[in-house]
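Down below is the structure, laid out as structure tokens.
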Amino acid sequence: SFLRELAQKTPERNFLGIDKMAGRIEKSCRKVAGLENVRVMNLEISYAVRFLLPRESVETFYLFFPDPWPKRRHHRRRLVTTEFLDAIHRALGEAGMFRIATDQADYFEQIKRVAKNHSGFAIANDVDLPTTKFERRFRDADLPIYRLSLRKISPVR
């Protein structure tokens with residue numbers, strides 16, 4: 001898994017995996033068993049970022065394939081909003097990174113618009129990252145993957 005690969009490559013860093021789907025949490029726990037630098041939580045990510053993560057405590061956030069809520073009437077449920085970016089910004093350390101991937105072009109464009117209008121982030125160059133299970137599925141189906149990396153550029157408000 002992505003989390004396991006990152007944790008194994010950088011054992012001097014700590015990792016926290018968060019997902020609201022209990023089945024995914026159970027699989028993640030099995031995959032990272034024995035790794036001392038990983039913790040996994042069954043929780044809504046927006047709640048964790050807003051209320052549990054201390055100010056400037058995170059070096060990098062990874063958000064891969066969030067629910068796109070494809071129906072127009074459900075777009076308000078999408079995770080990446082100005083308020084969510086505010087919470088990410090607060091939790092990120094100086095020059096911290098927020099890396100996002102989705103297979104949904106319209107959601108990607110919405111995320112880019114929100115990010116460009118947020119004074120606390122600048123779009124950064126992507127780096128090579130381990131491939132996630134979702135990404136392998138989408139690539140196997142010849143679906144495009146849209147990636148965006150944001151760097152924190154201003155102090156916490």
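The values are calculated or read from the model by the stated rules, or taken from the named source; none is laboratory data. Predicted model, so just to flag it, every value in this text is computed and none were measured. In this analysis, Cβ positions are derived from the backbone assuming ideal geometry, glycine residues included, and neighbour counts consider all displayed protein chains.
Against the definition (more than 20 Å from Arg151 (Cβ to Cβ), assigned to a strand (DSSP E or B), not assigned by TED's automatic domain parsing to the domain that holds Ile100 and not charged (D, E, K, R)), how does Gly17 come out, yes or no? For Gly17, the condition - more than 20 Å from Arg151 (Cβ to Cβ), assigned to a strand (DSSP E or B), not assigned by TED's automatic domain parsing to the domain that holds Ile100 and not charged (D, E, K, R) - is met.
Inspect the stretch 107-117 for any residue being closer than 17 Å to Glu44 by Cβ, hydrophobic (A, V, I, L, M, F, W, C) and within 17 Å of the chain's Cα centre (by Cα) and give the result as yes or no. The answer is no; no qualifying residue exists. Taking the criterion of being at pLDDT 95 or above, under 22 Å from Leu150 (Cα atoms), among the aromatic types (Phe, Trp, Tyr) and more than 15 Å from the chain's Cα centre (by Cα), would at least one residue in the stretch 27-49 satisfy it? Checking the stretch 27-49: not a single residue is at pLDDT 95 or above, under 22 Å from Leu150 (Cα atoms), among the aromatic types (Phe, Trp, Tyr) and more than 15 Å from the chain's Cα centre (by Cα). For the stretch 20-33, a residue qualifies if it is in contact (Cβ under 8 Å) with a residue 24 or more places away in the chain and part of a loop (DSSP other than H, G, I, E, B), and exactly one does: Lys20. Take the residues in the stretch 111-151 that are hydroxyl-bearing (Ser, Thr, Tyr) and under 21 Å from Ile88 (Cβ atoms), then tell me which one is modelled with the lowest pLDDT. Ranking the candidates gives Thr132 first. Just one of (1) free of Cβ contacts under 8 Å to residues at least 12 places away in the same chain; (2) outside any helix (DSSP H, G or I); (3) not assigned by TED's automatic domain parsing to the domain that holds Asn14 fails for Thr60. It is (1).
What do you reckon, is Gly96 more than 16 Å from Asp19 (Cα to Cα), crowded, with 18+ Cβ neighbours inside 10 Å and out of contact with any Phe, Trp or Tyr (no Cβ under 9 Å at 6 or more places or on another chain)?
The answer is no for Gly96.
Among Lys20, Lys9, Lys31, which is out of contact with any Lys or Arg (no Cβ under 6 Å at 6 or more places or on another chain), over 21 Å from Gly96 (Cα atoms) and of a type in the set (D, E, K, R)? When all the criteria are applied, what remains is Lys20. Of the residues making up the stretch 54-84, those that are under 14 Å from the mean Cα position of the chain (by Cα) and either farther than 21 Å from Thr131 by Cβ or among the acidic types (Asp, Glu) (or both) are Val58, Glu59, Asp67, Arg78, Leu79, Val80, Thr81, Phe84. Looking only at residues in the stretch 118-138 that are in a helix (DSSP H, G or I) and touching a residue at least 24 places away in the same chain (Cβ under 8 Å), the one that is surrounded by the most Cβ atoms within 10 Å (Cβ to Cβ) is Glu135. Within the stretch 93-107, is even one residue in the same structural domain as Ile123 (by TED's automatic domain parsing), assigned to a loop (DSSP other than H, G, I, E, B) and under 19 Å from Tyr146 (Cβ atoms)? Yes - at least one qualifying residue is present in the stretch 93-107.
Can you go through Ala91, Ala87, Ala115, Ala141 and tell me which one is farther than 17 Å from Leu6 by Cβ and surrounded by fewer than 18 Cβ atoms within 10 Å (Cβ to Cβ)? It would help to see each step written out before you state the result.
Details: Ala91 fails: surrounded by fewer than 18 Cβ atoms within 10 Å (Cβ to Cβ); Ala87 fails: surrounded by fewer than 18 Cβ atoms within 10 Å (Cβ to Cβ); Ala115 fails: surrounded by fewer than 18 Cβ atoms within 10 Å (Cβ to Cβ).
Going through Ala91, Ala87, Ala115, Ala141 in turn, just one is farther than 17 Å from Leu6 by Cβ and surrounded by fewer than 18 Cβ atoms within 10 Å (Cβ to Cβ): Ala141.
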